[in-house]
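The values are calculated or read from the model by the stated rules, or taken from the named source; none is laboratory data. Computed from a prediction, not measured in an experiment: that's the story for all the values here. Positions of Cβ are generated from backbone atoms using ideal geometry, with glycine treated the same way; all protein chains shown enter the neighbour counts. For accessibility, only protein heavy atoms count, side chains too; no ligands or nucleic acids. Shrake-Rupley method; radii C 1.70, N 1.55, O 1.52, S 1.80 Å.
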Amino acid sequence: MHSTVAPPPAETLDQITSLLSRLLPSSLSIKSFTGRWQILRSKLAALKSSVSEISDSPHWSENQLLLTLLPNLLSTLRRIENLADQCSDPNFVTGKLLMQSDLDMATNWISKQIHDVDLLLRSGVLKQSNAIVLSRPGPDSEEEDLGFFIRDLFTRLQIGGIEFKKKAMESLLELLENDEALANLVAEEGNVGYLIHLLDLNAHPSLREQAVLVISILASVSEKSRKCVFEEGALGPLLRIIESSSLAFKEKAVMAVESITADPDNAWAISAYGGVSVLVEVCKSGSVVAQSHAIGAISNMASIEEIRVCLGEDGAVPVIVQLLSSGHEKTQEKAAQCVSILASSSDYFREMVLKERGLQKLLCLLHESSNSSTLEHVLRAIYSLSALESTAQLLSSCSSFVIQLSELIRHGTLVLQQLSVSLLANLSSMSEGNKRAIGGCMGSLVKLMEVIKPVGMQEKATQALVLLLTVKSNRKDFVRDEKNVMRLVKMLDPKNETVSKKFPVAVVAAIMAGWSQDCRKRLVDAGAYVNLQRLTEMEVAGAKKALQRFSSNRLKTIFTRTWRELTEK
């Protein structure tokens, strides 16, 4: 058996040029099927221009894609020359329909090959040596070299054989995994639309899997590349993969969907593809990894009213609530975030969450988790649920929950402190026993009254502190702590503009509500009485009433002492 040796690229290109030079004038004399030949002739003219551009490129002969592309192109041109001879020969007999079909097929072939040639030319890789382009540029490479490398990879993906495509995809994936910051350059220099085309279920399995992974990276690392992925139409194909593909494909695809929906401008489009029910199904029966990304995507979309309607109709709430106790930390965090968003939207969702024992699951997660982000979402969800009076009463009577709020107020991050304080301020029906149990957080509350940001912290800290000061023992403990008293008096000072005076005035009024002489003495000695007098003169709301409590307390003391002296006589 004799092996066939392919001619050198230069010889093949010369044969193509020579054949085009004969075909273009000879096709003008063909009298049959003139419409089809006119189309073919325009294709041949365009091809001649492209072939001339190839020969003018300095490094065209080094490009391995041309080793396949040029012989295929030559074969097609020879087939067209044969058809031209047949149509020009008056003695040639063939069926009209068969010839029309042959001409249409030839047009399709040449169109595809012209597309590939033009793609190769537009990429610019023929102008650069393969010695530079084919090896991955180093970490210190200039953007221009990286751009050439990326264009070369995408050229191989689009017009190469399967082995070319696999190697190009592997190189692209390696490029992004080693330096995700190149995602923007890939989106700019590459053809993301073609990557999405590879998500088609008829594409080669290994290419499809790698395409999903590349798209998930592009969708997750930057706003620009994520926008490109979305605008090129990735959502629909990704959802089809989630719905009908194997586990490996599904996990990568749902990861990409979560990243795409992180942008609110993209999230709304999920419902257009029927994606809500697809993601809910993954939350029900997907792998741990897939569930985590699916609930993340749902959480990204839950703030959109149209999506919330779909979640309610698709029975998503029981599934979401169940994930609170999944045992997977990231999944629980995202589920808590989703429950928080839903519960904050309406009584309808609050009642649905409660019906599924969502409050109990949230309280368990609050107790078990040490992740501050998870705790934040759990507290937000519980706060939204506490908008229902029945829930607020239940929480008020839950000693373990109240004590945990106290601990978070004392030792949590600023965000956790704010959420815990807001919740505590809502528990107006808390028992005296629970108020006494968490009296130790009063020092933290008075400190938080001085915090300017976040907005609302001072007001909520005041409300929570006033609530605890309704208990006599807490009032005594508060004034016995010199730091507490000094902080309060400092806030009462008219010169101190960091705190609205109505807040410390409310605290003083709460302390003096018990008519305690010891409390009065400590506040007076620290200067609270003098500051209140000034605030009364300034007509600060509540100051006059608080000052009267000092005076009433004094009169009560004098009356008691006089009565005792009279009775002793």
Checklist entry - Mind checking which residues of segment 499-553 are under 20 Å from Leu465 (Cβ atoms) and among the acidic types (Asp, Glu)? => result Asp518
Item to check | Residues of segment 491-524 that turn out to be open to solvent by 40 Å² or more (accessible area, probe 1.4 Å), touching a residue at least 40 places away in the same chain (Cβ under 8 Å) and outside any helix (DSSP H, G or I), as a count | outcome: 4
Checklist outcome for this item: Scanning segment 53-84 for residues that are among the small types (Gly, Ala, Ser), in contact (Cβ under 8 Å) with a residue 12 or more places away in the chain and assigned to a helix (DSSP H, G or I), the one least open to solvent (accessible area, probe 1.4 Å) turns out to be Ala84
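Let me confirm something: among Thr17, Thr76, Thr68, Thr34, which residue is within 47 Å of the chain's Cα centre (by Cα) and polar (S, T, N, Q)?
Of Thr17, Thr76, Thr68, Thr34, the one residue that is within 47 Å of the chain's Cα centre (by Cα) and polar (S, T, N, Q) is Thr68.
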Next on the checklist: Considering only segment 218-231, I want to know if a residue exists there that is part of a loop (DSSP other than H, G, I, E, B) and over 25 Å from Gln113 (Cβ atoms).
Outcome noted: yes
Checklist entry - List, please: which pairs have Cβ atoms under 7 Å, are six or more places apart or on different chains, and start with a residue in segment 153-168 that is closer than 11 Å to Asn191 by Cβ and end with one that is part of a helix (DSSP H, G or I) and of a type in the set (Ser, Thr, Tyr)? => result Leu153/Ser171; Phe154/Tyr194; Thr155/Ser123; Leu157/Tyr194; Gln158/Tyr194
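Taking into account only those residues within segment 515-531 that are polar (S, T, N, Q) and more than 10 Å from Val479 (Cβ to Cβ), which is modelled with the highest pLDDT?
Among those residues, the one meeting the criterion is Asn531.
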Checklist outcome for this item: Residue set Leu408, Leu423; condition in contact with a Phe, Trp or Tyr (Cβ under 6 Å, 6 or more places away or on another chain), closer than 23 Å to Gln332 by Cα and either touching a residue at least 60 places away in the same chain (Cβ under 8 Å) or surrounded by 15 or more Cβ atoms within 10 Å (Cβ to Cβ) (or both); output residue Leu423
Checklist outcome for this item: Residue hits (segment 444-463; buried (at least 17 other Cβ atoms within 10 Å of the Cβ), part of a helix (DSSP H, G or I) and either modelled with pLDDT under 95 or not small (Gly, Ala, Ser) (or both)) are Leu445, Val446, Leu448, Met457, Gln458, Glu459, Lys460, Thr462, Gln463
Checklist outcome for this item: Checked segment 426-441 for anything among the hydrophobic types (A, V, I, L, M, F, W, C) and within 20 Å of Asp481 (Cβ to Cβ); matches are Ala437, Ile438, Cys441
Next on the checklist: Being open to solvent by 30 Å² or more (accessible area, probe 1.4 Å) and at pLDDT 90 or above is the filter here; which residues of segment 259-277 pass it?
Outcome noted: Ala262, Ser277
Checklist entry - With respect to Arg549, is the statement that it is charged (D, E, K, R), modelled with pLDDT under 85, in a helix (DSSP H, G or I) and surrounded by 15 or more Cβ atoms within 10 Å (Cβ to Cβ) true? => result yes
Item to check | Scan of segment 140-175 for residues that are open to solvent by less than 30 Å² (accessible area, probe 1.4 Å) and assigned to a loop (DSSP other than H, G, I, E, B), ordered by number | outcome: Gly160
Next on the checklist: Consider segment 214-252. How many of its residues are open to solvent by 10 Å² or more (accessible area, probe 1.4 Å) and not charged (D, E, K, R)?
Outcome noted: 14
Checklist entry - Quick check: anything in segment 26-37 part of a helix (DSSP H, G or I), buried (at least 17 other Cβ atoms within 10 Å of the Cβ), modelled with pLDDT under 80 and of a type outside the set (Ser, Thr, Tyr)? => result no
Checklist outcome for this item: Across segment 189-214, the tally of residues that are in a helix (DSSP H, G or I), touching a residue at least 12 places away in the same chain (Cβ under 8 Å) and within 20 Å of Lys227 (Cβ to Cβ) stands at 10
Next on the checklist: For the structure I just gave you, tell me whether Val276 is assigned to a helix (DSSP H, G or I), in contact with an Asp or Glu (Cβ under 7 Å, 6 or more places away or on another chain) and farther than 21 Å from Gly236 by Cα.
Outcome noted: no
Checklist outcome for this item: Restricting segment 525-540 to residues that are touching a helix residue (DSSP H, G or I) at 6+ places or on another chain (Cβ under 6 Å) and in contact (Cβ under 8 Å) with a residue 40 or more places away in the chain, the one farthest from Asn484 (Cα to Cα) turns out to be Leu535
